Amino acid sequence: MLVNNTVKLFTPGPLNTSYAVRAAMCKDIGSRTPECDKLTKDIQSMLREVASCDSSFVPILLQGSGTFAVEAMIATLVPSQGHVLVVDNGLYGRRMAEICVAHNIPHTVLKLSEMEAIKGSDLETAFQNNEQITHLAIVHFETAMGVNNKLPTIQLVCERYSVMLLLDSMSAFGALPIDFGSETLAAVASSSNKCLHGVPGLGIIFVRVSEFEKCDTIRSVSLDIKTQYESLKLIGQWKFTPPLQVMLALRQAIIEYCSDGGQIGRISKYSEIESILIQGLAKFGIQPIIKAEFRAPIIITFSLPHYINFSSLYAYLLERNLVIYPSKISDCFRLGCIGELTIEDANDLVYTIGEFMEESGSHE
Ligand SMILES: *Cc1c(COP(=O)(O)O)cnc(C)c1O
């Protein structure tokens, strides 16, 4: 039996999905069948539309969580003579540096504050100081603290220095625009279970097709997306067992994404939820810790008044089917605005947090 969602996930993904998305999965399909081939093609062409990119890019699908897609992008696309500048202004940036270490990829880490977006000048200085740099690996929306690394600035500097951009846009793709017309954009990684509102299990990597020609080394069998690209192109099939039900769900999720108004529709819905949360929680002294200019309505880090204990708040909300997310900063927590959440859900969360504050004696 498929039932409507009772649990509300104010998390950065996996997130709430629609009934139709979950229902789409109730089906068996064989992997080497025309139906599977069509499903793959459908998703690829729908993704092209979502990205509004032309045929100079190809969306490659890959099994696994988002990190698999980021690792596949970096491990496949950096040639043996390449050198990557990895920007670390949060957890996911650091993970890209870990990936470079694991695959022995020459790289330099640019460590910056986690509380703000990268500045164009920081990037320029890093490029000027190291002429070996061929690629930039950076996170679009740094989900760890909720910081939006402004893409237009990044793309402009990459173009100026002819550095190819490898973008982790996991939590932004579909909600924040990306200029696929930029000539130094090499690849963009995302996944099924963030702003596209699918279920987890599928990585998406948009690759500039001409970048495949530069690949001169295979660092992984299962994560190599050049061979996946060739297999899809030549026989229309995946190298290894595709996550078919996840794909069925994603196709349905993208249909809904488009009928909900695409990127504009999604970001305006997230913005509405964000303002309810920010304005509502302000009444209880719960404030965002990242400045407005660096935020995006995807995930927000809030600080709790010192007399409130996160674990008790978490448990109180969980009992009422409301799931919030911890932060690695103490006395803070995170709220996601993404997924199939409604205005009522956001109001309900604010109300319930208010109830908890009342019961914990907010008038110390
Ligand atoms: C979610 C996310 C990932 C992938 O995390 P997984 O746990 O592997 O799905 C990578 N980068 C960013 C910025 C993310 O938000």
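What to note about this one:
- Qualifying residues in region 275-332 (those that are of a type in the set (Ser, Thr, Tyr) and in contact with a Ser or Thr (Cβ under 6 Å, 6 or more places away or on another chain)) - the one surrounded by the most Cβ atoms within 10 Å (Cβ to Cβ): 301
- Top-ranked residue in region 209-243 [being among the aliphatic types (A, V, I, L, M) and surrounded by 17 or more Cβ atoms within 10 Å (Cβ to Cβ); ranked as nearest to residue 188 (Cα to Cα)]: 225
- Considering 216, 224, 260, the condition of being within 20 Å of the chain's Cα centre (by Cα), away from the ligand (no atom under 16 Å from the Cβ) and not aromatic (Phe, Trp, Tyr) is satisfied by 260 alone.
- Filtering region 7-14 for residues that are away from the ligand (no atom under 16 Å from the Cβ), exposed (fewer than 12 other Cβ atoms within 10 Å of the Cβ) and in contact (Cβ under 8 Å) with a residue 60 or more places away in the chain leaves a non-empty set.
- Residue in region 21-39 that is assigned to a helix (DSSP H, G or I), away from the ligand (no atom under 15 Å from the Cβ) and closer than 22 Å to residue 336 by Cα present: yes
- Residues of region 135-181 satisfying the condition of being more than 15 Å from the ligand (Cβ to nearest atom) and β-branched (Val, Ile, Thr): 153, 157, 163
- Annotation: residue 54 fulfils all but one of (1) surrounded by 19 or more Cβ atoms within 10 Å (Cβ to Cβ); (2) away from the ligand (no atom under 13 Å from the Cβ); the unmet one is (1).
Let's see how each residue does on (1) surrounded by 24 or more Cβ atoms within 10 Å (Cβ to Cβ); (2) in contact (Cβ under 8 Å) with a residue 24 or more places away in the chain; (3) among the β-branched types (Val, Ile, Thr):
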site: 131; (1), (2), (3): no, no, no
site: 136; (1), (2), (3): yes, yes, no
site: 150; (1), (2), (3): no, yes, no
site: 173; (1), (2), (3): yes, yes, no
site: 177; (1), (2), (3): no, yes, no
site: 183; (1), (2), (3): no, yes, no
site: 188; (1), (2), (3): yes, yes, yes
site: 194; (1), (2), (3): yes, yes, no
site: 202; (1), (2), (3): yes, yes, no
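Every number in this text was worked out from the coordinates using simple rules, so none of it is lab data. Quantities reported herein were computed from a predicted structural model and do not represent experimental measurements. Cβ: placed from backbone, ideal geometry, glycine included. Neighbour counts: every protein chain shown.
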